[in-house]
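First the structure, in the form of structure tokens, and then the observations on it.
The values are calculated or read from the model by the stated rules, or taken from the named source; none is laboratory data. What you see is a predicted model, and the numbers here were worked out from it, not measured in a lab. Backbone-built Cβ (ideal geometry, glycine too); neighbour counts: all protein chains shown. Surface accessibility is based on the protein's heavy atoms, side chains included, excluding ligands, DNA and RNA. Shrake-Rupley method; radii C 1.70, N 1.55, O 1.52, S 1.80 Å.
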Amino acid sequence: MADSDGEYASDDELKRHGKRTADGRSKQTKASWEDVKRSWDTVLETADSGLSIAEIREAEKRRRLLRDTTPLQRGIIRHLMLVLDMSFAMADKDLLPNRYRVVLNNAIGFVREYFEQNPISQLGIVGMRDGIAVRISDLSGNPAEHIEKLMQWSEQQDPQGNPSLQNALQMCRGALYQTPSHATREILIIYGALVSIDPGDIHDTINDLVADRIRVSVVGLAGQVAICSELCKRTNNHDGNYSVAVDEVHLKELFFAATTPPVTRTPEQNTASLLMMGFPSRTLAPKDHVSFCACHAKPTREGYTCPRCGIKVCRLPIDCPICKLTLIQSTHLARSYHHLFPLKVFVEVPWSQAYKSTACYSCLTPFPARPRDSVAAAPAVLGGRAGAKGSGKQQDGEQKNPKPELKGVSESGRYACQVCGNHFCIDCDVFAHETIHNCPGCQSDTRDVEKDTAVAVPDGGPTPMVMDS
């Protein structure tokens, strides 16, 4: 067995975990305990009955959907600065392979999801290391640029030094200072250390953030820090958003929760203003005509022409580099609209109402049959006292060891829309709430069309064919 300091390792262990250097000393590349997967973290068992893996996964999917869907006023045009801790604390291995790699991987996924849910918003990334704040990417609306910068830092840089919370906040405040007043100003900090090496009084920086109406949210990896709690409460009108992740799954949930725009609560945040936007059309030049785009100064054949000044840009959404007009497409505005009117949560369908459907309305996947139909035939086949004794023992066993219940999971595998009443499976339920943000049954509902047709057609007359326009 290998020593704790890595001075000696047997040949069998070297084949599995490492290799021996030229001077005969062992060099381990990975410890055996780093690949341990604890099965009791994913399986729940009782004395005689338990929950299957499918039921646990279904409960996990439903847990993400069981949230408040009350329509609230939110800012759909956002300016968010993402601050990542890159200090010595991120080298800890309580998250495998270490905190630094896990946070960077989640940051890449967060960038994609953020622009998927907020296509007309902008994002910037800042890092904390060596007692200073480093700018990873500038505030922009292009996710490809942010992902490229994060991948470069993941390959070329390692965590080192101490974090400086005040320097990071000052850099984010400078980047958000020039943003328009109709958009939200937010800072999301992923903090892994328990200390902060600041050059001055951080309370003065917090006062500046409150004066500039900048909201700060913190996700901790080690434990709660008093200054982080005060920072979140004061910048969020005493409704702080400070959480500490307990594992990798919880970290991802807290990370991706920031993709939803914050609620506007104070009178200053509720100030309404008109915003002028442009909807340019895509143009494609002939093969022998190439022009430079105004946003990157690169030669391109295709692009979008600003309807105000006529300059060409290569991507949308973007602010025109010449006249500062916001250029977007109608689909970008529609994808941001679902935050204001979220889709209602589908309700569980009991077995008493399961007879209304045999397959999912959306994907036509067959629903499971009612289990009592097969269990009820057992006493009739056995017959006599043997069947009665068997059923009695089964009932006693069910009462003694009842099956644990999972919150939000339907016993029939069906989930009904509260508006149209159609039944859906769990996968279509998740897809409707997290991807398309619309109910397929409500979108394809033809009850109004049938009603108008029945009024227009006399009794006994031919029914006209309804065609989509």
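A few notes on this one:
- Qualifying residue in segment 204-219 (condition: more than 18 Å from R173 (Cα to Cα) and open to solvent by less than 50 Å² (accessible area, probe 1.4 Å)): yes
- So Q122, is it over 26 Å from T235 (Cβ atoms), modelled with pLDDT of 90 or more and open to solvent by 10 Å² or more (accessible area, probe 1.4 Å): no
- Of the criteria (1) among the basic types (K, R); (2) within 17 Å of N98 (Cβ to Cβ); (3) in contact with a strand residue (DSSP E or B) (Cβ under 9 Å, 6 or more places away or on another chain), which one K252 fails: (3)
- Here segment 153-181 is the region considered, the condition is being in contact with a helix residue (DSSP H, G or I) (Cβ under 8 Å, 6 or more places away or on another chain) and not polar (S, T, N, Q), and the residue that is most open to solvent (accessible area, probe 1.4 Å) is D158.
- The set of residues in segment 125-152 being surrounded by fewer than 17 Cβ atoms within 10 Å (Cβ to Cβ) and part of a loop (DSSP other than H, G, I, E, B) consists of D130, G131.
- Residue match in segment 182-200 (condition: surrounded by 21 or more Cβ atoms within 10 Å (Cβ to Cβ) and assigned to a helix (DSSP H, G or I)): no
- Where strands (runs of 3 or more DSSP E) fall wholly inside segment 234-352, the ranges with 1 or more residues that are open to solvent by less than 60 Å² (accessible area, probe 1.4 Å), in contact with a helix residue (DSSP H, G or I) (Cβ under 9 Å, 6 or more places away or on another chain) and among the aliphatic types (A, V, I, L, M) are 242-244.
- Criterion (touching a residue at least 40 places away in the same chain (Cβ under 8 Å) and over 22 Å from L139 (Cα atoms)) met by exactly one of P342, P286, P317, P261: P342
- Evaluation of S362 against the conditions (1) of a type in the set (S, T, Y); (2) open to solvent by less than 30 Å² (accessible area, probe 1.4 Å); (3) within 28 Å of the chain's Cα centre (by Cα) shows that the sole unmet condition is (2).
- In segment 223-245, the residues that are at positive phi reach residues that are open to solvent by 40 Å² or more (accessible area, probe 1.4 Å) and at pLDDT below 90 with C-beta atoms within less than 6 angstrom, at least six apart or across chains, in these pairs: N237/R265.
- Residue within segment 25-37 that is modelled with pLDDT under 55 and aliphatic (A, V, I, L, M) present: yes
- Taking segment 90-119 as the range and being open to solvent by less than 10 Å² (accessible area, probe 1.4 Å) and either farther than 18 Å from A258 by Cα or not in a loop (DSSP other than H, G, I, E, B) (or both) as the test, the residues that pass are M90, Y100, V102, V103, L104, A107, F110, V111, Y114.
- Positions within segment 212-233 being outside any helix (DSSP H, G or I) and of a type outside the set (A, V, I, L, M), in sequence order: D212, R213, R215, S217, G220, G223, Q224
- Residue match in segment 103-123 (condition: within 17 Å of the chain's Cα centre (by Cα), over 24 Å from T184 (Cα atoms) and among the aliphatic types (A, V, I, L, M)): yes
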